[in-house]
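> This is the structure I have questions about; it appears just below.
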Amino acid sequence: MSEENKTTQRRRLTGEVVGNKMDKTALVRVDRTVEHSKYHKRYVRSAKYKVHDEKNELVEGDKIIFEECRPMSKDKCWRFVKKVS
C-alpha cells in the first residue's frame, strides 16, 4: 500500500462551547450518560476539551463537532470541524 492511500480514523466528538476567552482555542464540554453498575440509575458525566479554532469563530453556546489531531500544546490535541445547528 502506498502512503497516500492510507487514511486514519480519528475520533470525532460532539459538544457545546463553554469558553472562548483564549486565542485560537475554545473550551468544549462533552456530556455522556452513564448507568450505575449496582443501582442502574442513569446520570450525566461531562468532560472538557480544548479545541483549536483557527479563525476564532466559535462563541459560547455553539454545538460543534471536533476531531482528534496532533498535539498543538500541552493540553490541546483536538481540531474544530464544523458547527451543528
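> Among the listed pairs Lys41/Lys82; Lys38/Lys63; Lys24/Lys63, which have their C-alpha atoms separated by more than 27 angstrom in this model? Before the final figure, lay out each step's value.
Values: Lys41/Lys82 33 Å; Lys38/Lys63 33 Å; Lys24/Lys63 17 Å.
Table pairs above 27 Å Cα-Cα are Lys41/Lys82; Lys38/Lys63.
> With the other protein chains left in place, how much accessible area per residue, in square angstrom, belongs to the chain at a 1.4 angstrom probe?
79
> Is the shape of the chain best called rounded, prolate or oblate, per the rule: a/c under 1.5 gives rounded, else a/b larger than b/c gives prolate, else oblate, with a ≥ b ≥ c the square roots of the Cα gyration tensor eigenvalues?
Judged from the Cα gyration tensor, the chain comes out oblate (a/c at least 1.5, b/c at or above a/b).
> Out of Glu68, Glu57, Glu16, any idea which swings most in a Gaussian network model of the chain, alpha carbons joined below 10 Å?
Largest GNM mean-square fluctuation: Glu57.
> Nearest 0.05, what FRET efficiency do Arg11 and His40 give at R0 = 22 Å with Cβ-Cβ as r?
Working: r = 28 Å, r/R0 = 1.27.
Efficiency computed from Cβ-Cβ geometry: 0.20.
> Another question about this same structure. Pick out which of Thr25, Thr14, Thr33 has the largest mean-square fluctuation in a Gaussian network model of the chain, springs linking Cα atoms closer than 10 Å.
Thr33
> So, with a 1.4 angstrom probe, what is the percent of accessible area on the chain that is carbon and sulfur?
Carbon and sulfur together cover 45 percent of it.
> Provide the percentage of antiparallel DSSP beta bridges, counting only those with both residues in the chain; round to the nearest 5. Each step should come with its number before you reach the end.
On the way: 26 of 28 bridges.
Bridges in the chain are about 95 percent antiparallel.
The values are calculated or read from the model by the stated rules, or taken from the named source; none is laboratory data. Please read these numbers as outputs of a predicted model, since none were measured by experiment. Backbone-built Cβ (ideal geometry, glycine too); neighbour counts: all protein chains shown. Note: areas computed on protein heavy atoms with side chains; ligands, DNA, RNA excluded. Shrake-Rupley method; radii C 1.70, N 1.55, O 1.52, S 1.80 Å.
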